[in-house]
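Trainee: The structure that follows is given in the form of structure tokens.
Every read-out reported here was derived from the displayed coordinates using simple, explicitly stated rules and does not represent laboratory data. Quick caveat, the model's predicted, so the values are computed rather than measured. Because the Cβ atoms are built from the backbone with ideal geometry, glycine has one as well, and the counts that use them run over all protein chains shown.
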Amino acid sequence: MVIATQAAAQPSGAVTDPIRVMVVDDSVVIRGLISRWVDADPALAVVASHRNGKLAVDDIERSNPDVVVLDIEMPEMDGLTALPLMLAKKKNLIVVMASTLTRRNAEISLKALSLGAQDYVPKPESSSTISTSVDFRRELIEKLKNLGPRARPGAGRRPMRAETVAGKATAAQPAARQPAFQPRPHFTLRSYSAVRPRVLAIGSSTGGPQALQVLFRDIGPSIGDIPVVVTQHMPPTFTAILAEHLAKAALRPAKEADDGETLVAGTIYVAPGGKHLVLEKDGVNTRARLTNDPPVNFCKPAVDPLFDSVAKIYGSASLAIVLTGMGHDGAAGVKTVAAAGGSVIAQDEKTSVVWGMPGAAAQTNQCSDVLPLDDIGPKVVRILGGRR
């Protein structure tokens, strides 16, 4: 089966203005640092900088940002309070939460995602370490460029059921900001394995927390006979809280994986932030192993090592899913799963916050389906029930 997708051609003289960025943080040092990083990239431009949420909310209409970097803890009005007020003033505004790695801030960041923020970026603990953090700078700039309007030609993507994806472009977001026409690659699909899956492995990144909750609400009643392993690109602390949220969504036990523990059917295991999760065969059992190997595709945890280990143990009884996310992590693992006879489903472009990882997976030509998020869960339920 051949899938052909192609964007509508843009006028040859289309404007490619920089993505407009607002920086909101109570630290003058951090505001200045982030602003310099943003302005150093020709694809980005700072249009406003504020010390609290109230000033930012009051300035949304005047400065008209495309993306806001929003701190959580600020005087007068914090980030969580400011978020819905910002989105009310500009429906298609993209907000990236910024917070240090405390449990409270992780909880608030995940709450912000459910209220309409598109992503989060963890800040180093102090201003002095932020200035020397290459990883923080790289991650922040990458997310601003990928989530900004120039990187999102489908500004009117169909919302996820969780209502966390920005709505359609408005008059305040000119069509001229769309990128020049670029043909998208064709891809082919392969047949599903005839073997009923004995494991479900999932990889996700940007937009993943929201997508995972939608997916697990759908598949929770049907995963009692298999273990589920998840790698979501997240830092420590965040992954423990994500597991708690997935448990509520699926009505199944969910936890960060522990090194050496035996996988139990009906349980969801999440790769801890800062560690790779791989599986290891031990007689009739399968164990989780956490490794401190270097990052893969700039990620730790990474999807590729998990998928590779799943394919090695379960072969044609493997079922893998690649959800929304930046980059191409998981694409190599998709090939490994397919080569072992397993099946792979990728999320489609329209419902992905960023069609990086699932797009790379689709373009391996080794996926069995490329589906909207709302269709993935029902499909998985049918597959686990022995139907296709």
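Trainee: Going highest first, how would you order 212-224, 355-367, 336-348, 373-385 by mean Cβ packing within 10 Å?
Mentor: Numbers: 212-224: 20.3, 355-367: 25.2, 336-348: 23.5, 373-385: 17.9.
Per-residue mean Cβ counts within 10 Å order the peptides as 355-367, 336-348, 212-224, 373-385.
Trainee: Run through the range 16-96 and list the GluC sites (Glu not before Pro) located in a DSSP loop whose Cβ has at most 12 other Cβ atoms within 10 Å. Write down the numbers at each step before the final one.
Mentor: Details: sites: 61, 73, 76; in loops: 73, 76.
Passing sites in the range 16-96 are 76.
Trainee: Moving to a separate point now. In the chain, what is the volume of the convex hull around the alpha carbon atoms, normalised per residue and reported in Å³?
Mentor: Hull volume normalised by residue count: 123 Å³.
Trainee: Now for a separate question. Would you mind working out the magnitude of the charge dipole of the chain relative to its Cα centre, with +1 at each Lys and Arg C-beta and -1 at each Asp and Glu C-beta, to the nearest 20 Debye?
Mentor: 1000 debye
Trainee: Using a Gaussian network for the chain with springs between C-alpha atoms less than 10 Å apart, which of these wobbles most: 62, 137, 198?
Mentor: Per the Cα network of the chain with a 10 Å cutoff, 62 tops the list.
Trainee: Still on this structure, I have one more. Which FRET efficiency value, to the nearest 0.05, is calculated for residue 262 and residue 312 with the Förster distance at 25 angstrom and r the Cβ-Cβ distance?
Mentor: About 0.90, to the nearest 0.05.
Trainee: Moving on. Just 115, 246, 306 to compare: in a GNM of the chain, with alpha carbon springs under 10 Å, which one fluctuates most?
Mentor: Result: 115 has the largest fluctuation of those listed.
Trainee: Of all the Cα-Cα pairs you can form in the range 187-384, what percent are over 27 Å apart? Write out the running numbers ahead of the final one.
Mentor: Numbers: 2976 of 19503 pairs.
Looking at the range 187-384, the distances longer than 27 Å represent 15 percent of pairs.
Trainee: Would you mind calculating the relative contact order of the range 299-387 from Cα pairs under 8 angstrom and at least 6 residues apart, reporting the percent as a whole number?
Mentor: Taking the mean separation of contacting Cα pairs over the length of the range 299-387, I get 28 percent.
Trainee: Still on this model: Using alpha carbon centroids, what distance separates the range 302-331 and the range 359-378, in Å?
Mentor: 13 Å
Trainee: If you don't mind, there's one more thing I want to ask. To test your reading of the geometry: what angle, between 0 and 90 degrees and rounded to tens, separates the Cα axis of helix 28-39 from the longest principal axis of the chain?
Mentor: Helix 28-39 and the main axis of the chain meet at about 80 degrees.
Trainee: Under a crude label model (7 Å from the Cα following the beta-carbon direction), how far is residue 16 from residue 134 in nanometres?
Mentor: Taking the two extended label points, one gets 2.7 nm.
Trainee: In addition: Suppose every Lys and Arg Cβ carries +1 and every Asp and Glu Cβ carries -1, with no other charges. What dipole size does the range 187-384 come out with about its Cα centre, to the nearest 20 debye?
Mentor: 300 debye
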